[in-house]
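Note sheet for the following structure.
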Amino acid sequence: MRRGTAERRSSRGLRALAVAGILGGALALSACSSSGGKKSEGGGDGAGPRLKIAMITHSGPGDTFWDIVQKGAQAAAAKDNAEFLYSADPDGGKQAQLVQAAIDKKVDGIVVTFAKPDALKDVVARATAAKIPVVSINSGADVSARFGAVAHFGQDESIAGEAAGRELARIGAKNALCVVHEQGNVGLEDRCAGAKKTFGGKLENLFVQGTNMPQVKSSITAKLQADKGVDGILTLGAPFAATAVDAAKEAGSQAKVGTFDMNKDLIASIKSGTIRFAVDQQPYLQGYGAVDELWLLKTNGNVIGGGRPVLTGPAIVTKDNAASLEAFADRGTR
């Protein structure tokens with residue numbers, strides 16, 4: 001069940017401190033990739049037996065967000081002398097099968113997303129029963145500890161949604177769409193629900209097929225043509241923001257576009273004003289923190305966050321601060 005608003009907000013400071021501690025310290029549907037660093041000498045980072053860490057997410061093909069997550073995980077794996085294995089499937093049942101495959105490989109730790117929590121509950125229980133520690137990232141903060149994960153790295157999607165709602169209001173929108181690119185993803189639904197709380201205008205969910213970008217564009221275009229009063233569009237992933245801009249042009253709409261998440265191309269669009277804002281949850285930090293937590297747990301018994309989700313966002317990116325992040329976005333880490 002979702003935690004109460006007061007409880008969530010009361011713990012934000014603790015989570016932010018945990019993130020600060022962390023900062024100190026190729027996408028495939030069924031295929032895996034691996035990376036790792038050389039074993040260090042003298043007892044520093046990477047010392048000790050080489051670990052095998054598997055990350056299994058709900059990513060669909062072409063979503064640049066998960067490229068950034070993987071870069072963070074690979075950087076931590078290289079530092080920690082760990083072999084990193086990645087696999088993904090947006091279908092909850094198939095994602096669970098990939099988790100089971102990691103269990104069968106007897107990996108030393110598993111990183112998983114809980115976008116479809118009911119589909120993952122049993123297989124994560126099998127992992128913990130096999131003494132394989134699990135860390136969750138990105139989605140499912142509300143179920144992470146209950147399902148047996150030792151830590152969760154991500155943003156509170158309801159709070160992030162509230163931030164997006166305020167930004168939509170700030171840019172002058174009154175009648176907006178919240179474009180949901182994956183039905184059944186609890187995190188995306190929480191984003192839209194949070195935005196509705198703070199927006200103050202009309203915000204309607206528009207469901208699209210996120211793995212089919214031409215369909216995304218046609219759906220948004222059709223909606224804008226049918227409802228000339230729509231003056232704002234909130235997308236829930238960076239690739240969909242650019243498509244929303246194209247759809248608005250095709251429909252002859254002046255709707256202003258804001259989004260969740262970032263990629264290299266988005267910075268230029270924010271600087272130019274084509275896209276008004278982005279809610280950044282720092283995916284690099286999610287991947288890095290999750291792998292590093294499993295290494296710390298295995299080598300020193302550490303648990304980051306004290307049992308509470310570790311916040312990696314939201315951070316609001318606008319025309320005022322986009323240039324300061326441009327170099328990081330260009331190298332694919334923001």
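For region 283-320, the set of residues classified as within 24 Å of Met262 (Cβ to Cβ) and open to solvent by 50 Å² or more (accessible area, probe 1.4 Å) consists of Tyr284, Ile316, Lys319, Asp320, listed by residue number. Among the residues making up region 129-170, those that are within 14 Å of Phe260 (Cβ to Cβ) and assigned to a loop (DSSP other than H, G, I, E, B) are Asn138, Ser139, Gln155, Asp156. Just to be sure, is Gly93 modelled with pLDDT under 95, open to solvent by 10 Å² or more (accessible area, probe 1.4 Å) and more than 18 Å from Ala290 (Cβ to Cβ)? For Gly93, the condition - modelled with pLDDT under 95, open to solvent by 10 Å² or more (accessible area, probe 1.4 Å) and more than 18 Å from Ala290 (Cβ to Cβ) - is not met.
Right, Glu182: modelled with pLDDT under 95 and touching a Gly at 6+ places or on another chain (Cβ under 7 Å) or not? Let's see the steps before the verdict.
On the way: modelled with pLDDT under 95: yes; touching a Gly at 6+ places or on another chain (Cβ under 7 Å): yes.
So Glu182 fits the description; yes.
Of all residues in region 284-306, those that are modelled with pLDDT under 95 have Cβ atoms under 7 Å from Cβ atoms of residues that are open to solvent by less than 50 Å² (accessible area, probe 1.4 Å) and part of a helix (DSSP H, G or I), 6 or more apart or on another chain, in Gly305/Arg15; Gly305/Ala18.
For region 62-84, the set of residues classified as outside any helix (DSSP H, G or I), in contact with a strand residue (DSSP E or B) (Cβ under 9 Å, 6 or more places away or on another chain) and either surrounded by fewer than 24 Cβ atoms within 10 Å (Cβ to Cβ) or not assigned by TED's automatic domain parsing to the domain that holds Ala115 (or both) consists of Asn81, Glu83, listed by residue number. State yes or no: is Gly258 open to solvent by less than 40 Å² (accessible area, probe 1.4 Å), outside any strand (DSSP E or B) and out of contact with any Pro (no Cβ under 8 Å at 6 or more places or on another chain)? No.
When the residues of region 153-195 are filtered to those that are open to solvent by 30 Å² or more (accessible area, probe 1.4 Å) and among the hydrophobic types (A, V, I, L, M, F, W, C), the one that is nearest to Gln225 (Cα to Cα) is Ala169.
Answer with yes or no whether Thr221 is β-branched (Val, Ile, Thr) and either open to solvent by 40 Å² or more (accessible area, probe 1.4 Å) or within 30 Å of Phe114 (Cβ to Cβ) (or both). So Thr221 does not fit the description; no.
Of Leu296, Leu266, all but one fail to be in a helix (DSSP H, G or I) and outside the structural domain of Ala173 (by TED's automatic domain parsing); the exception is Leu296. The sole residue among Ala115, Ala125, Ala141 that is out of contact with any Lys or Arg (no Cβ under 7 Å at 6 or more places or on another chain), outside the structural domain of Val186 (by TED's automatic domain parsing) and at pLDDT 95 or above is Ala125.
Thr211 falls short on exactly one of the conditions (1) open to solvent by less than 10 Å² (accessible area, probe 1.4 Å); (2) modelled with pLDDT under 95, and that condition is (1).
What residue, of Val150, Val124, is more than 17 Å from the chain's Cα centre (by Cα) and open to solvent by less than 10 Å² (accessible area, probe 1.4 Å)?
Step by step, each of Val150, Val124 is checked, and only Val124 is more than 17 Å from the chain's Cα centre (by Cα) and open to solvent by less than 10 Å² (accessible area, probe 1.4 Å).
The values are calculated or read from the model by the stated rules, or taken from the named source; none is laboratory data. A quick note: this is a predicted structure, and the numbers were derived from the prediction, not measured. Glycine gets a Cβ as well: all are built from the backbone with ideal geometry, and neighbour counts include every protein chain shown. Note: areas computed on protein heavy atoms with side chains; ligands, DNA, RNA excluded. Shrake-Rupley method; radii C 1.70, N 1.55, O 1.52, S 1.80 Å.
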